[in-house]
Amino acid sequence: MQQMDLFTPEPKAITVTELTRGLRRAIESVDVFQNLWVQGEVSNFSRPQSGHWYFTLKDRDAALPCVMWRSTAELQAQIPKNGDQIEVHGGLSIYEAQGRYQLYVDEIRSAGEGSLYQKFIELKNRLKAEGLFERNRSLPAWPQRIGIVTSATGAALQDVLHTLERRYPLAEVVLAPTQVQGPSAAALVAEALGLLDQFAQPELILLVRGGGSLEDLDAFNSEIVARAIVRTRAVVVSGVGHETDVTIADFAADLRAPTPTAAAELATPDLQELQARLAALHSRLQRQTPIAKINRARQQLDELSLRSGRALAQRTRWLRATLQGHTARLQALSPLAVLERGYAVVRTAEGRLVRQASQVQPGAALDVRVQRGRIHVEVKETKED
């Protein structure tokens, strides 16, 4: 039985933070943990607005949380999805806030395609160092002839043709059909590019095909196709695969589009939009001609005449109303208006106005003015009220 030593102090307790931080530092100090390739199945993949990738790499017996920062995720050729078997490279550490270890991933490749992906990375770096990806020429504004390099039976061709017919039917379209997949596809694509550029001499070439795996797109990740693109005199727009697919051909082309349809849209002007702009310019030009200026002057003159006529009529109505008001007031003050109400104006024979009975004597002759006419009377009698 173990005896308790009363004279040995107990170990000092440490905080959770201290323990977790110590484990993190210990793991990060081991070189082998910072240079790991791990294979497994993707699950719980999420890509929030921050742009970082979060997922779990699992097999039958274990699971490993993984993180890829946005700056690294944006450089990946493909976005993994749940159920994919992949290989990831990165360094192991501990996420202290949750006390769990996780792998910080800096590279992803499909399981079984590791050699193809490694070949892709090596070729991209070598051609980039050579300066092969620096050709970025401007698109022709009004291409008269557009070349297409793709499979004659693929959906990509129909998508491009429909888009060109809708947006820019004025251009002549020349197809250089070729295989886009298989062992000989790379050489055939390069040959189609060269023949199209040499004999058809288009101003613009659309290099397109539908999506696929890294192995399916192998022809467009070849050096021979990249060099064929750079040798063309025509401007080359690539539209290979889906939005998440990135190929060597995309880097070598003058412009990369995420899909074949997008390649046709980016490479050509929209005729309907151009017609609307031309109509607007024509309308502006018409408004600037001498005849248009004369018409505008005439319109302004008509408007001034109309406004002057309205102002004159309004002034006349005001003057008439004012005159009628003065007339009404004068009529109200006129003696004749008093006579109209039944009153009379009495004057002596000498013309003096009689206001009181005491002003006249019996026998005096008076002149009485009524509404209509005069009456000459003789005073018989006077009486004061």
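None of the figures in this text is laboratory data; all of them are computed from the coordinates on show. Not measured: the values here are computed from a predicted model. Ideal geometry is used to build each Cβ from the backbone, glycine not excepted, and the neighbour counts take in all protein chains shown.
Remark: segment 129-272 carries a charge dipole of roughly 380 debye about the Cα centre, counting +1 on each Lys and Arg Cβ and -1 on each Asp and Glu Cβ. When the trypsin sites (Lys or Arg not before Pro) in segment 66-156 are filtered for DSSP coil states and for at most 12 other beta-carbon atoms within 10 Å of their beta-carbon, the remaining sites are Lys81, Arg137. For segment 135-145, the Karplus equation 6.51 cos²θ - 1.76 cosθ + 1.60, evaluated at θ = phi - 60°, returns couplings of 7, 10, 7, 6, 5, x, 5, 9, x, 8, 9 Hz by residue, with Gly and Pro reported as x.
In terms of the Cα gyration tensor, with a ≥ b ≥ c the square roots of its eigenvalues, is the chain rounded because a/c is under 1.5, prolate because a/b exceeds b/c, or oblate?
On the way: a/c = 6.99, a/b = 2.32, b/c = 3.01.
Since a/c reaches 1.5 but b/c is at least a/b, the shape of the chain is classed as oblate.
Residues Ser308, Ser151, Ser43 in ascending order of nearby Cβ atoms (within 10 Å, fewest first): Ser308, Ser43, Ser151.
In this Cβ point-charge picture (+1 for Lys and Arg, -1 for Asp and Glu), segment 312-385 has a dipole of about 620 debye about its Cα centre.
Which of the listed residues, Leu353, Leu281, Ser138, is farthest toward the dipole's positive end in the chain, when Lys, Arg count +1 and Asp, Glu count -1 at the beta-carbon? Of the listed residues, the answer is Leu353. Were the residues from Ser71 through Leu274 laid out at 0.36 nm apart, the gain over their Cα-Cα distance would be 69.2 nm. Computed 3J(HN,Hα) for segment 240-248, one whole-Hz value per residue from the Karplus formula 6.51 cos²θ - 1.76 cosθ + 1.60 where θ = phi - 60°, is 10, x, 9, 4, 8, 7, 10, 10, 4, glycine and proline marked x.
Relative to the Cα centre, what is the charge dipole magnitude of the chain, using +1 at the beta carbon of each Lys and Arg, -1 at the beta carbon of each Asp and Glu, and rounding to the nearest 20 debye?
Details: 46 positive and 44 negative charges, 871 e Å.
Dipole magnitude for the chain comes out near 4180 debye.
In this structure the amide hydrogen of Glu87, modeled in the peptide plane, comes within under 5 Å of the amide hydrogens of Arg109, Ser110, Ala111, none closer than 5 places in sequence on its chain.
Please state, rounded to one decimal and in Å, the Kirkwood hydrodynamic radius that segment 158-308 gives when every pair of distinct Cα atoms enters the mean of 1/r.
On the way: mean 1/r = 0.0551 Å⁻¹.
For segment 158-308, inverting the mean 1/r across all distinct Cα pairs yields 18.2 Å.
Look at Ile14, Ile108 and count the other Cβ atoms within 10 Å of each Cβ; fewest to most, that gives Ile14, Ile108. Of the trypsin sites (Lys or Arg not before Pro) found in segment 159-238, those in coil by DSSP whose Cβ has at most 16 other Cβ atoms within 10 Å are Arg233. Note on the chain: with a GNM built from Cα contacts shorter than 10 Å, the maximum mean-square fluctuation among Gln198, Gln288, Gln371 falls on Gln371.
Annotation for Asn44 and Arg352: the two label points, set 7 Å from Cα along the Cα-Cβ direction, are 13.1 nm apart. Between Ser29 and Glu340, the modelled label-to-label distance comes to 12.4 nm, taking each label 7 Å out from Cα in the direction of the beta carbon.
Go ahead and collect, in residue order, the members of segment 69-105 whose backbone nitrogen is under 15 Å from a label point 7 Å along the Cα-Cβ direction of Ala111. Zone members listed by number: 80-89. Of the residues Tyr343, Ser29, Gln201, the one whose Cα sits farthest towards the positive end of the charge dipole of the chain is Tyr343 (charges of +1 on Lys and Arg Cβ, -1 on Asp and Glu Cβ, taken about the Cα centre). For segment 295-385, GluC sites (Glu not before Pro) are listed when DSSP marks them as loop and at most 14 other Cβ atoms sit within 10 Å of their Cβ; the list is Glu350, Glu381, Glu384.
Exposure proxy shown here: for Leu266, Leu175, the number of other Cβ atoms within 10 Å sets the order, fewest to most, as Leu266, Leu175. Taking the Kirkwood radius as Rh and the Cα radius of gyration as Rg, segment 280-385 has a ratio of Rg/Rh equal to 1.66.
Coupling constants for segment 345-352 follow from the phi torsions by the Karplus curve (6.51 cos²θ - 1.76 cosθ + 1.60, θ = phi - 60°), and in residue order they are 10, 10, 10, 6, 4, 7, x, 6 Hz; glycine and proline get x.
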